[in-house]
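The values are calculated or read from the model by the stated rules, or taken from the named source; none is laboratory data. Remember, predicted model here, so these are calculated numbers, not experimental data. Counting neighbours? That spans all protein chains shown, and the Cβs are built from the backbone with ideal geometry, glycine included. For accessibility, only protein heavy atoms count, side chains too; no ligands or nucleic acids. Shrake-Rupley method; radii C 1.70, N 1.55, O 1.52, S 1.80 Å.
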Amino acid sequence: GTCSSQSLDADIKMQGLMLALLASPLGLVLPSSPQLVSTLSPFQAINGFQHRSLATQLTARVATPVTAVPSRTRAAYMSEAAVADEDVETYQFEAEVAKVMDIIINSLYSDKDIFLRELVSNGSDACDKKRFLSLTEDGGKAYEGRVRITADKESNTLTIEDNGIGMTRKDLQNNLGKIAQSGTKMFTEALGAGKDATNLIGQFGVGFYSAFLVADKVTVVTKAADGEQLRWESTEASTYTISKDDSAPIEETGTRLILTLKEEADKYTDDFTLRDLLKKYSEFISFPIELWTEKTEYDQVADPDAEVKEGEEPPMKSVPRKTNVWEKVNAAKPLWMRAPKDVSKEEYEEFYKTTFRAYDAPEAHVHFSLEGQVEFRAMLFCPGSVPWELTQDMFNDKVKPIKLFVKRVFISDSFDEQLLPRWLSFLKGVVDSEDLPLNVSRELLQKSKVLSIISKRLVRKALDMFNEIAKDEDKFKSFSDNFGKYIKVGVIEDRDNKEALLKLATFASTKMGATTLPQYKERMKDGQKKIYYVSGSSKEAASASPVLEGLKKKGYEVIVAVDQIDEIALQGVGTFDGCDVVDAAKEDADADELSEDEKNAKAEAAKELEDVCAFVKETLGTQVDKVEPSTRLTKSPSALVQPQWGVSPQMQRFMKAQAAAGGADAMMGAMSANLELNPRHPVVLKLKQMVADDKEAAETKDYALLLYDVAAISTGYEVADPAAFAKRVVKLMGDGLEIDDDDDDDDFESDEEKIEFPDEKPAAKQEAPAASQEAPAASGEKAAAKDKKPSAKEEPVVPEVIEPQ
């Protein structure tokens, strides 16, 4: 083939031709091509090209006619390639240090507050290293580590000091002078098998540089064991210096970090800000964190201005006295790091209230750890009541159920990849793991299989906690009242745990205030094959639905779905413990429950009411899908039921409201239902006679329409035309009476006649009531009760229209 020197990089083309030659066992013979020669010739001028001799040969071979190119063996070319490989040199990547530092400082962290977490964690690591070494040294004495923080508003500095292991000059060069080299990680690797005895936090080697997020200048004063006190200093992370330090001496060992804050970072000298950040990120650090804070105390002294009577003690007054003290900030204990058997109920309650700022005691909790492929510790709490932030929106995005820690350091409670599914968003909990895939800033979780493992275990433990609650009837009732909706959302969304959740979901029923499906199944009648439910606006309305008459006669219990979420959850169940879960308001819902006699009776009724069903269907048109005799009705004349693909009236209203809220057209109003008639009811038998006598009569059609309206109202549907329904009812109520139902347009005044003016004769205005009062007296004479209409020759006076100002 040919190569285009205009479109390919010369180096790539060279490699391609070399491979092409070496790929042929007999040597590749190419025709003479000026284009290929021009392509190869630049390689002889490339500085530092390691295969110039081979390039020369390739150029010569391409330029040589076919007959002049001798055939060579593959071994010869492989030999040439081996000689060329000896000249290959290996280089390491280099970086522009200033640019890398700028990326670390200004692009790595999304929140400047993180700097305090990182620096306090570094101090904790230094203390933990010294603690570990003191335990391994012969005759080592007890070590009490601590991290102290001092803010100076006058000089705009923040000092973080620890009494940890300290650093030598070499440590300063390696740990602070080399980017991304973690002294903590090196220390851990050096321990080998003993690393599990430590609680070291650092891992990336960039946390120290977060200090430049808020500081123009960073000074590190440090002293290692048997070493001199040194000062490391850097301004704006450009260069750094190391020198001996003669400032306030450090006792034994430790490190003092002094941040000269930027002007816009002066808030970090505020006591409240520091206290809040330490509580948020470093509450559970294993070593005490002490904040140099100002306290106001009051002394009682004699009041020199008060009058003192002889023989009485002088009156006292309170005089304020300000003092500075070291105040411990991290008073809470990381209970998840302890064994569950060593933690009391009171400690769990106090931890829950403190950590999650809750006012109520938790209903239940679970405390566990996982070891193996993934290691983590966790605690989950079920609140005693619905958290306030969830009362308005059960899936409030601002609610963060899980706090993530890494070695007791708070990382985040906001993740793109959730540790808990949203149906468990009402829980509170903590997860502490070293295996979580964090980004370098330790602010975000990366997608990983580890998250899936942790999430599944959390869900499983949550279900275990709920099952424990279910053993106590009172607790379970309170739990269901508060969080029953979340369980039903889990039934809908969590297919993996659907069966377990169905055992916990509670619903109202025609016989019980609340029941679970296992409890319902225990009460099923002999011979009952299905679990029935019906939806309604209330339990009373649903229980009174005519579609349940047949089931009630058999003594069957029916679950009542009074909320949309109940119905959606039950629709998706399918089968539970071998029983189909069906909507009692669907056609043929009880088909499997019918006896042979009931089936034969239905077939006979279908023949007897064939003409009636056809007439009603013709009268109603598309309002119904079909009309047929019913086996479920015992007291009511008619009922509307949904086809197998249909949607209940409750769900139709919900979907209409959702569509209207979203600005879409409400299409659900056009859905048709099936009309079932009770073949033994007197009303249906009367309609049968009316159809036989005169099915074209208006009374017969009105009767059929009224039968449909009654069915719609009694089964929870909306009447499509309330005015027409009311008219039919009034006509039925006035049976035997002469009621004017003429809806001719002439019965109404024209627009011109309705206009009244103050300057016209008042008598004309008062004639209308008198005429209307005389209408009933003139029975059978409709025209006599109506106002006199203007003749064709009389033209009504149209007033001048005055537009409002």
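Once you list every other residue whose beta carbon is under 14 Å from the beta carbon of Val647, what net charge do they have if Lys and Arg are +1 and Asp and Glu are -1? Every neighbour counted, the sum reads -2.
For region 498-551, the equivalent ellipsoid derived from the Cα gyration tensor has semi-axes of 20, 15, 9 Å, listed largest first. Between Phe368 and Asp526, the modelled labels are 4.2 nm apart [label points 7 Å from Cα along Cα→Cβ].
If R0 is 51 Å, what FRET efficiency do you get for Lys449 and Glu252 from their C-beta distance, rounded to 0.05?
For R0 = 51 Å, the calculated efficiency reads 0.65.
Each peptide in 365-371, 293-299, 709-715 was scored by the mean count of other Cβ atoms within 10 Å over its residues; highest first, the order is 709-715, 365-371, 293-299. Total lysine pairs in region 266-311 at Cα distances under 23 Å, for residues eight or more apart or on different chains: 5.
Pairs from the list Lys553/Lys586; Lys456/Lys530; Lys686/Lys727 with a Cα-Cα gap above 24 Å: Lys456/Lys530.
If R0 equals 60 Å, the separation of the Cβ atoms of Ala614 and Ser318 corresponds to a calculated FRET efficiency of about 0.05.
Counting charges near Met337 (Lys, Arg +1; Asp, Glu -1) among other residues having Cβ under 10 Å from its Cβ returns a value of +4.
Rolling a 1.4 Å probe over the protein heavy atoms leaves Phe376 with an accessible area of roughly 10 Å².
Region 583-655 gives an Rg/Rh value of 0.98, both radii derived from C-alpha positions and Rh following Kirkwood. The listed peptides 338-347, 426-435, ordered by packing as a protection proxy, come out as 426-435, 338-347 (highest mean of other Cβ atoms within 10 Å first).
Counting 0.36 nm for each residue step from Asp597 to Asp303 and taking away their Cα separation leaves a gain of 95.3 nm.
The simple Förster model, with R0 at 60 Å and r as the Cβ-Cβ distance, assigns Thr239 and Lys341 a FRET efficiency of 0.60. Applying a threshold of 31 Å to the alpha-carbon distances of Lys599/Lys688; Lys223/Lys449; Lys449/Lys498; Lys262/Lys333 flags Lys223/Lys449; Lys262/Lys333 as lying beyond it. Peptides 638-650, 484-496, 246-258 ordered by packing proxy, namely the average of other Cβ atoms within 10 Å per residue, highest first: 638-650, 484-496, 246-258. For every other residue with a beta carbon closer than 12 angstrom to the beta carbon of Lys317, add +1 if it is Lys or Arg and -1 if Asp or Glu, then tell me the sum. That works out to -3.
Using 0.36 nm per residue and subtracting the Cα-Cα separation, the extra length available between Ala724 and Lys295 on full extension is 146.4 nm. Using only alpha carbon pairs under 8 Å that are at least six residues apart, calculate the relative contact order of region 475-563 and give it in whole percent. Contact order relative to length: 27 percent.
With the Cα gyration tensor of region 223-353 giving a ≥ b ≥ c as the square roots of its eigenvalues, does the rule (a/c under 1.5 for rounded; else a/b larger than b/c for prolate; else oblate) give rounded, prolate or oblate?
In terms of gyration-tensor shape, oblate.
Label-to-label distance for Glu327 and Asp152 is 2.1 nm, based on points extended 7 Å past Cα in the beta-carbon direction.
Taken along the Cα-to-beta-carbon direction at a fixed 7 Å, the label points for Lys267 and Met512 span 5.4 nm.
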